[in-house]
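What follows is a short report on a single structure.
The values are calculated or read from the model by the stated rules, or taken from the named source; none is laboratory data. Note that this is a predicted model, so its numbers are computed, not measured. Positions of Cβ are generated from backbone atoms using ideal geometry, with glycine treated the same way; all protein chains shown enter the neighbour counts. Quick note on the areas: whole protein, heavy atoms, side chains included, nothing else; ligands and nucleic acids left out. Shrake-Rupley method; radii C 1.70, N 1.55, O 1.52, S 1.80 Å.
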Amino acid sequence: MEIAGILLSLRLNGLSVLLLLMTQVIGVAAALYTPGYLRLSETGPLARWLWPLMGVVLSALSLIWLATDLLTLYAALELMGLAAVGMLMLSGKAPALVAGMRYLLLALVGSLTYLLGVALILGHWGRLDLPGLAEVVEPGPVAWFAAALIGAGLALKAALFPLHAWLTPVHESAWTPVSALHAALVIKASLFILLQLWSILLPDAFYAPRVIAWLGMLAIVWGGLLAWRTDSLKTLVASSTVAQLGYLMVAFPLLLGPDIAPLPRALAWEGFWLQLMGHAFAKAAMFMAAGNLILATGESTLKGLAGTSRRLPLSLLVFGIASITLMGLPPSSGFTAKWLLLQAMVISQQWWAVAALLIGTLLTAAYIFRLFRYCFDETAPRHRYQPLAPGMELIALTLALTALALGLLAHFPLELMHGGSP
């Protein structure tokens, strides 16, 4: 479809199908989890707005996975971002409003830099459709500046290190189903668009992908240290998102860099998307498990959760299964994804990236076992527990097991997206 001389188009390939399925499964799980959560929480009259906002977020995400022009991508990204901000502020608490307004302002700054890059592309090449741009874009200052502007804007929206400072505060006061959707899906959309556009604007760039990769290494270490040092359960889960995004950033030189042989590039391609999907399911399950623990005990600190293993073993089991994926232990999707990425890194002799993955695994284990050390403290005083609504733990368990099963059945999604492009 062409509007005012701008070609708008959609595309459906194996990767799009996988991302659509991931979005719908996590969206349905969040929708099923929400009624029980709202009944047990002091949510207030604004809770009725959660459903339409959730629908807008999922619809906009689905459009992002399908769009192949910069105008549609921008419209869907803004629609998703505004709805996400609205969901994060629904609690009405002062910290939520402050964090939400900061998130909104930073998201608008990201949108502005993205639009400046798009304007540069439109003014120089006169088109916004991605297939057409792939044919006419030539390396040079225009492509580099456009890639820098778009990259900065999308990195801010995706909370990529070091532009991640807004992420933890918004999750501290957000409702659990909102945090699950945001961490699992919303921030992935900007990363998807970034990789999609840089593959056209910087197809054989040497420095830009390596800058992202080095920042990814710092993200793995910094996010892991933040999660290890915090005493807040929500901060732990949110900080781990910063570290987990670092694994995806480290893969950028293998996906976009020059002189990468076909085999390591193909392995990195499959490992990247498997890691993204596994993290989405595991992080949604982990936020739900954390929300269950906080809701049942009324405690949000690690020390306050001491002894919860006596009454909430299933929620801790969900947290543990999701952690297996984040740590990259077999047989989870995290293990399979990291194995593919490690193979690609070893073949291309990127030993610094191998070290980053190994350090990240150790840091993840450190902050996960720190939580369990408190929860399994048998000498802690007994809590007064609020019973959870039926199904809240089972929904989270289903998502955690899905992340685990993706590792055992990885050949199905990998065969579907084999040979595809973002």
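At q = 0.09, 0.13, 0.17 Å⁻¹, work out log10 I(q)/I(0) for the range 235-385 with the Debye formula, treating every Cα as an identical point scatterer and leaving solvent out; two decimals please.
-0.33, -0.61, -0.88
To the nearest 20 Debye, how big is the dipole of the range 150-308 about its Cα centre, given +1 on the beta carbon of each Lys and Arg and -1 on that of each Asp and Glu? Each step should come with its number before you reach the end.
Working: 8 positive and 6 negative charges, 22 e Å.
My answer is approximately 100 debye.
So how strong a dipole does the chain carry about its Cα centre when Lys and Arg Cβ are +1 and Asp and Glu Cβ are -1, to the nearest 20 debye? Display every interim value, and only then the final one.
On the way: 21 positive and 17 negative charges, 251 e Å.
Here the size comes out at about 1200 debye.
On alpha carbon coordinates alone, what is the Rg over Rh value for the range 164-260, Rh being the Kirkwood radius?
Details: Rg = 14.9 Å, Rh = 14.3 Å.
Here Rg/Rh amounts to 1.04.
Leu302's amide H: which non-local residues (gap 5+, or another chain) put their own amide H closer than 5 Å, with H modeled 1.01 Å from N in plane and none for Pro or chain starts?
Those lying under 5 Å, H to H, from Leu302 are Ser232, Leu233.
Keeping all protein chains in place, calculate the accessible area per residue for the chain (probe 1.4 angstrom), answer in Å². Could you put the intermediate results ahead of the total?
Details: 16290 Å² over 422 residues.
With the other protein chains kept in place, the chain gives 39 Å² per residue.
Within 15 Å, Cβ to Cβ, of Val170, how many net charges do the neighbouring residues add up to if Lys/Arg are +1 and Asp/Glu are -1? Mind dumping the intermediate values first?
Details: positive: Lys93, Arg102, Lys157, Lys234, Lys283; negative: Glu172.
Around Val170, the charge tally is +4.
What order do Val57, Val17, Val137 take when sorted by accessible area (1.4 Å probe), most exposed first?
Working: Val57 0, Val17 50, Val137 25 Å².
Accessible-area ranking of Val57, Val17, Val137, largest first: Val17, Val137, Val57.
Say a paramagnetic label sat at a point 7 Å from the Cα of Arg39, along Cα to Cβ; which residues of the range 371-412 have their backbone N under 12 Å from it?
Correct set: 387-392.
As a quick test, which of the pairs Lys93/Lys188; Lys303/Lys338; Lys234/Lys303; Lys283/Lys303 have an alpha carbon distance above 24 angstrom in this structure? Kindly include the intermediate steps, with their values, before the conclusion.
On the way: Lys93/Lys188 27 Å; Lys303/Lys338 32 Å; Lys234/Lys303 13 Å; Lys283/Lys303 22 Å.
Distance filter (> 24 Å) returns Lys93/Lys188; Lys303/Lys338.
Sorting Leu71, Leu201 by accessible area (1.4 Å probe), largest first, what list results?
Values: Leu71 80, Leu201 10 Å².
Highest to lowest solvent-accessible surface, that is Leu71, Leu201.
Between Ile359, Ile321, Ile187, find the one with the highest GNM mean-square fluctuation for the chain; connect C-alpha pairs within less than 10 Å.
In this elastic network of the chain, the residue with the biggest mean-square fluctuation among Ile359, Ile321, Ile187 is Ile359.
Keeping all protein chains in the complex and leaving out DNA, RNA and ligands, what accessible area do you get for Ser348 with a 1.4 Å probe, in Å² to the nearest 10?
Spelled out: Ser348, probe radius 1.4 Å, area about 40 Å².
Which residue, Val178, Leu274, Ala146, has the largest displacement toward the positive end of the dipole of the chain when charges sit on each Cβ (Lys, Arg +1; Asp, Glu -1)?
Checking the options against the dipole of the chain, the answer is Val178.
How tilted is helix 50-66 with respect to the longest principal axis of the chain? Cα atoms for both, answer in degrees (0 to 90, nearest 10).
30
Restricting to DSSP H runs of at least four residues, report the calculated mean residue ellipticity at 222 nm for the chain, -39500 (n - 2.57) per run over all residues, nearest 500 deg cm²/dmol. Walk me through the numbers before you get to the answer.
Values: 18 runs with 309 residues, N = 422.
One gets -24500 deg cm²/dmol as the mean residue ellipticity at 222 nm.
In percent, what relative contact order does the chain have, based on Cα pairs under 8 Å that are 6 or more apart in sequence?
Details: 698 pairs, mean separation 75.9, N = 422.
Contact order relative to length: 18 percent.
What percent of all Cα-Cα pairs in the range 324-422 falls in each 5 Å bin, counting up from 0?
Bins of 5 Å from zero give 2, 10, 13, 15, 18, 15, 10, 7, 5, 3, 1, 0 percent of pairs.
Using the Karplus equation 6.51 cos²θ - 1.76 cosθ + 1.60 (θ = phi - 60°), what ³J(HN,Hα) coupling, rounded to whole Hz, does each residue of the range 137-151 give in order, writing x for Gly and Pro?
Running phi through 6.51 cos²θ - 1.76 cosθ + 1.60 with θ = phi - 60° gives 5, 10, x, x, x, 5, 5, 5, 5, 4, 5, 5, 5, 5, x Hz.
Suppose we take every Cα in the range 138-218 and form the convex hull; what volume per residue is that in Å³?
Numbers: hull volume 6.8 nm³, N = 81.
Measuring per residue, one finds 85 Å³ for the Cα hull of the range 138-218.
For the chain, take the longest principal axis of its alpha carbons; what is the angle in degrees between that and the long axis of helix 14-40, to the nearest 10 within 0 to 90?
Computed tilt is about 30 degrees.
Which angle from 0 to 90°, rounded to the nearest 10, does the C-alpha axis of helix 94-125 make with the longest principal axis of the chain?
Compared with the principal axis, the helix lies near 10 degrees.
Restricting to Cα atoms and excluding each atom paired with itself, what does the Kirkwood estimate give for the chain in Å? List each step's numbers first, then the result.
Working: mean 1/r = 0.0464 Å⁻¹.
When all Cα pairs of the chain are included, the Kirkwood radius is 21.6 Å.
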